[in-house]
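One structure is given here, and the rest of the page talks about it.
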Amino acid sequence: MRHKVLLFDLDGTLTDPREGITRCVQYALSRQGIQVDDLSRLERFIGPPLKQSFIDFYDFDATQAQTAVDDYRVRFGRVGMFENMLYDGIVELLRALKGSGRQLFVATSKPWFYARQIVQHFGLDAYFCSVYGSELDGTRTEKHALIAHILREEKIAAGDALMIGDRCFDLMGARHNGVANAAVGYGYGSRAELEAQAPDYYFPTLADMQNTLLSCRA
């Protein structure tokens, strides 16, 4: 089946944000008196909503978590958002998909204020119709709410869309809205996490994604 509209997660799907996100979380935790030297321990922050992650992983209350988010954004807005890299082959994939007539959108839990700067920084804005994300006040950080918003704003039929991401939140958010979903195996979700959601598609590599999507032409 050909999907006319492709919704791409950002972190762990289009770009590898490990350094920026983990260093910004490290900074935010240090402001709370918590020192974490091993950045690999903070990789679990890549993907889920940030405020909820501070609550889930460090037992912060809502006020502490919001303070941590504010501290995180101090460093992220200054340098962290650009401590990031494109996955090899992403530009070629997006170029080919756009050339095939698809409409491409970014759908990230990251605030759109940052997401649009990142997409522009890497020159990806030429391939996307628009970049959607959460609001700075936390509105639409949940993927199901974000996808519903995109479908409504762009007047997209759920059956025409495919959500592509590397975490279970992407898959669950798509299913909640009746949208097909695809898991990528090169990001930050484990295979067990992704397979537990029984995705409609599983792409171990970018090459697999490109071969599958471009072979499904109308």
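Computed from the coordinates by the stated procedures, all read-outs in this text should not be read as laboratory data. Since the model is a prediction, treat every value here as computed from it, not as a measurement. FYI the Cβ positions are ideal-geometry reconstructions off the backbone, even for glycines, and counts take in every protein chain you see.
A Stokes-Einstein calculation at 37 °C with viscosity 0.692 mPa s, built on the Kirkwood radius of the chain over Cα pairs, returns a diffusion coefficient of 188 µm²/s. The packing ranking, built from the mean of other Cβ atoms within 10 Å per residue, places the peptides 125-134, 77-86 in the order 125-134, 77-86, highest first. In whole angstrom, region 18-82 maps to an equivalent ellipsoid with semi-axes of 16, 13, 11, each derived as √(5λ) from the alpha carbon gyration tensor and ordered largest first. Between D125 and V79, what FRET efficiency follows from the Cβ-Cβ distance if R0 is 22 Å, with the result rounded to 0.05? Given R0 = 22 Å and the Cβ-Cβ separation, E is 0.55.
By its C-alpha gyration tensor, with a ≥ b ≥ c as the square roots of the eigenvalues, how is region 122-195 shaped: rounded for a/c under 1.5, else prolate for a/b larger than b/c, else oblate?
Details: a/c = 1.40, a/b = 1.26, b/c = 1.11.
Cα axes put region 122-195 in the rounded bin.
Show me 56-69, 156-169 ranked by packing, highest mean number of other Cβ atoms within 10 Å first.
Values: 56-69: 15.3, 156-169: 21.4.
Listed from highest to lowest mean packing, they are 156-169, 56-69.
For the chain, what is the number of Lys pairs with C-alpha distance below 24 angstrom, counting only pairs 8 or more positions apart or on separate chains? The number of close lysine pairs in the chain is 11. With coordinates expressed along the principal axes, the C-alpha atoms belonging to region 168-218 extend over 27, 24, 13 Å, beginning with the largest.
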